[in-house]
Amino acid sequence: MLKKIVIFTYILLLFNFKSFADENQKILKVGLLAPFSGEYKDMGQSIMLSLQLALAEINDNNIKIFPRDSGFNNQEKLIQSIESLKEENIKLVIGPISHEDFKIVSDYKNMIFISPSNINPEIQNNILSIGISLESQIKSIEKFIKKNKRKKTIIMYPKNKYASLIDSKIDAININNKKIFRYSADPKVLTSDIEKITNYKQRKRNLISRVKILEEKDDEASKLELKRLEQKYTIGKVNFDTVIIIDFGDSLKSVLTSLVYSDVDQNDVLIITVNQWFDKSIFLENSIKNLYYPSVDIKNFQKYKKKYSNTYGIQPSEITILTYDALGLIYYIWNKKNYKISSIKDFLIKDNIKGKIGTFNFIDGKLIQKLNMYKISDKKFIKF
C-alpha cells in the first residue's frame, strides 16, 4: 500500500452529519474539539480554515470531520461536545486545545484524543500530545551544545506556575556541568539575580581597579587599553560558556537585556532559548547579536503561512500547523493499519513521519519532533 504522508490540523466544516452514514466502510471519521465561541473563537476560526486547506491537499473524500464547539476552559460545553461526538460513534478526536482539559477527556476511554498541547509528549492512556514539547527542544539543544563543545551550561527559567513542570523535564537533560537558576519575574529583582550568576559586581570592581592603574600611566599601550575599557562594564569572563533560557515574550527580552547589561561576552557565550515560532518582535531586542533556538522547519512553516494568507487574506495562528499535522498523523496511521485504528497503541510505530512542522517519531512511548536549530542575527532567522 502506498504510504500517504499527510499534514493537517483542526477542522470546522459545516457538514450535514447525517449524510455521513457509513455507506463506505473505508470512512475515516474524525471529531474536532475547538473553541468556536467565547474569547478564543478566532482561534477556532483559524483552525477551521486551516483544516479546509488540509482536506483540499489530502484530496480524499473518505475523510469526514465532525466539528464541535468546546469553548475554552468551559467544562460543561466541552463535556456536551464530547457526548455529541460519542453519539455519532466518533472514536478519533483532534483536541482539546488545552492540557487543562485532559482530566475530562481521559474519562472517555473508548475515544482517542490528539491534542496540540506541548505539555507532555508521552502517550497517556487515550491522549496523544503533538505540540512542540520541551523534551523535543532539549534533544536538539543537547546536540547543538555538544557539537559546539561547550563545557559549562546554565539553564535559566522564571519562578512561575510552570517552574515545577520545567524542573521535572530538565532532570533528563544530558549535558555535563549544568547548573539550574530560577529567576524572579520582577524586573528589578531579575537584574539582581542576573548580576549574581554573572559575578557582575566583582567583575565591575576588576574594571574600576584596572582603570585606576592605567590612569596613572602615560605610555601609549596603557592609553589604548584605557580607551578600549571605556566601552566595557566589567573585566573578566563569566563562569559558563552556554546559557539556556526557557522563557518567552517580554520576560525573555528582559533576561536578554540583563545579560548584556551584565557584560556577558556573546563571542564567548552561546545564548540559547526555546521555540519562539519565528516571532519577528525578537528583532526589537537589539542588544543581543546572536540568539539560538530550536524550531520547526522554517521553509514548510513559511509555505504554509503563505498558502493560508493567499487563500484567506489573513495570517494563521501557529497552533493550526500542529493540528494540520494531527490530522495527517491520524490519516497516515489509518492507512497503515488497513483503515482501522483500534487503540492509541496503534500510533506507536517506528516510522519517521513527515509533517508540516518537520519529521517526528515515537521514542519510548513519546512523540519527539526532530527540530532544527536557528540563529537570530541581523534581523534574520538562519538555519544553523
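Residue 356 falls short on exactly one of the conditions (1) closer than 23 Å to residue 59 by Cβ; (2) among the charged types (D, E, K, R); (3) surrounded by fewer than 19 Cβ atoms within 10 Å (Cβ to Cβ), and that condition is (3).
Once the stretch 90-107 is narrowed to residues that are touching a residue at least 60 places away in the same chain (Cβ under 8 Å) and within 18 Å of the chain's Cα centre (by Cα), the residue that is farthest from residue 162 (Cα to Cα) is 95.
A single member of 261, 292 is among the hydroxyl-bearing types (Ser, Thr, Tyr) and modelled with pLDDT under 90, and it is 261.
Against the numbered list (1) surrounded by fewer than 24 Cβ atoms within 10 Å (Cβ to Cβ); (2) in a loop (DSSP other than H, G, I, E, B), residue 96 comes up short only at (1).
Mind listing whichever residues of the stretch 140-161 are in a helix (DSSP H, G or I) and surrounded by 13 or more Cβ atoms within 10 Å (Cβ to Cβ)?
Across the stretch 140-161, the qualifying residues are 140, 141, 142, 143, 144, 145.
Residue check: is residue 37 outside any loop (DSSP other than H, G, I, E, B), modelled with pLDDT of 85 or more and among the hydroxyl-bearing types (Ser, Thr, Tyr)? No; evaluated as a whole, the condition is false for this residue. Of the residues making up the stretch 270-288, those that are under 21 Å from residue 152 (Cα atoms) and either surrounded by fewer than 20 Cβ atoms within 10 Å (Cβ to Cβ) or in contact (Cβ under 8 Å) with a residue 60 or more places away in the chain (or both) are 270, 272, 274, 288. Please verify whether the stretch 199-221 includes one or more residues that are surrounded by fewer than 16 Cβ atoms within 10 Å (Cβ to Cβ) and among the small types (Gly, Ala, Ser). Yes; the residues of the stretch 199-221 include at least one that is surrounded by fewer than 16 Cβ atoms within 10 Å (Cβ to Cβ) and among the small types (Gly, Ala, Ser).
Could you tell me whether any residue of the stretch 115-129 is closer than 16 Å to residue 294 by Cβ, in the same structural domain as residue 343 (by TED's automatic domain parsing), out of contact with any helix residue (DSSP H, G or I) (no Cβ under 6 Å at 6 or more places or on another chain) and in a loop (DSSP other than H, G, I, E, B)? So that I can check it myself, show each step before the final result.
Initial filter on the stretch 115-129 (closer than 16 Å to residue 294 by Cβ): 118, 121.
Now narrow it down to the ones that are in the same structural domain as residue 343 (by TED's automatic domain parsing): 118, 121.
Next, from what is left, pick out any that are out of contact with any helix residue (DSSP H, G or I) (no Cβ under 6 Å at 6 or more places or on another chain): 118.
Keeping just the survivors that are in a loop (DSSP other than H, G, I, E, B) gives 118.
Within the stretch 115-129, one or more residues are closer than 16 Å to residue 294 by Cβ, in the same structural domain as residue 343 (by TED's automatic domain parsing), out of contact with any helix residue (DSSP H, G or I) (no Cβ under 6 Å at 6 or more places or on another chain) and in a loop (DSSP other than H, G, I, E, B).
Within the stretch 319-337, can one find any residue that is in a loop (DSSP other than H, G, I, E, B), over 25 Å from residue 53 (Cβ atoms) and free of Cβ contacts under 8 Å to residues at least 40 places away in the same chain?
So the first thing to find is which residues in the stretch 319-337 are in a loop (DSSP other than H, G, I, E, B), and the list is 337.
Imposing the further condition that a residue be over 25 Å from residue 53 (Cβ atoms) reduces the set to 337.
Narrowing the set further to residues that are free of Cβ contacts under 8 Å to residues at least 40 places away in the same chain leaves 337.
Yes, some residue in the stretch 319-337 is in a loop (DSSP other than H, G, I, E, B), over 25 Å from residue 53 (Cβ atoms) and free of Cβ contacts under 8 Å to residues at least 40 places away in the same chain.
Kindly indicate the residue of the stretch 367-384 that is surrounded by 14 or more Cβ atoms within 10 Å (Cβ to Cβ) and in a loop (DSSP other than H, G, I, E, B) and also farthest from the chain's Cα centre (by Cα) among those meeting that condition. Only one residue fits best here, namely 384. Condition check for residue 254 on (1) in contact with a Pro (Cβ under 8 Å, 6 or more places away or on another chain); (2) closer than 30 Å to residue 354 by Cα; (3) assigned by TED's automatic domain parsing to the domain that holds residue 192: one failure, at (2).
Quick one: would you say residue 308 is more than 30 Å from residue 244 (Cβ to Cβ), surrounded by 21 or more Cβ atoms within 10 Å (Cβ to Cβ) and in contact (Cβ under 8 Å) with a residue 12 or more places away in the chain? Spelling it out, residue 308 is indeed more than 30 Å from residue 244 (Cβ to Cβ), surrounded by 21 or more Cβ atoms within 10 Å (Cβ to Cβ) and in contact (Cβ under 8 Å) with a residue 12 or more places away in the chain.
Scanning the stretch 227-240 turns up one or more residues that are surrounded by 14 or more Cβ atoms within 10 Å (Cβ to Cβ), polar (S, T, N, Q) and touching a Lys or Arg at 6+ places or on another chain (Cβ under 9 Å). Per the listing 194, 175, the residue uniquely assigned to a loop (DSSP other than H, G, I, E, B), touching a helix residue (DSSP H, G or I) at 6+ places or on another chain (Cβ under 7 Å) and either crowded, with 18+ Cβ neighbours inside 10 Å or modelled with pLDDT of 90 or more (or both) is 175.
The values are calculated or read from the model by the stated rules, or taken from the named source; none is laboratory data. Remember, it's a predicted structure, so these values are computed and weren't measured experimentally. For neighbour counting, all protein chains shown are included, and Cβ atoms are generated from backbone atoms with ideal geometry for every residue, glycine included.
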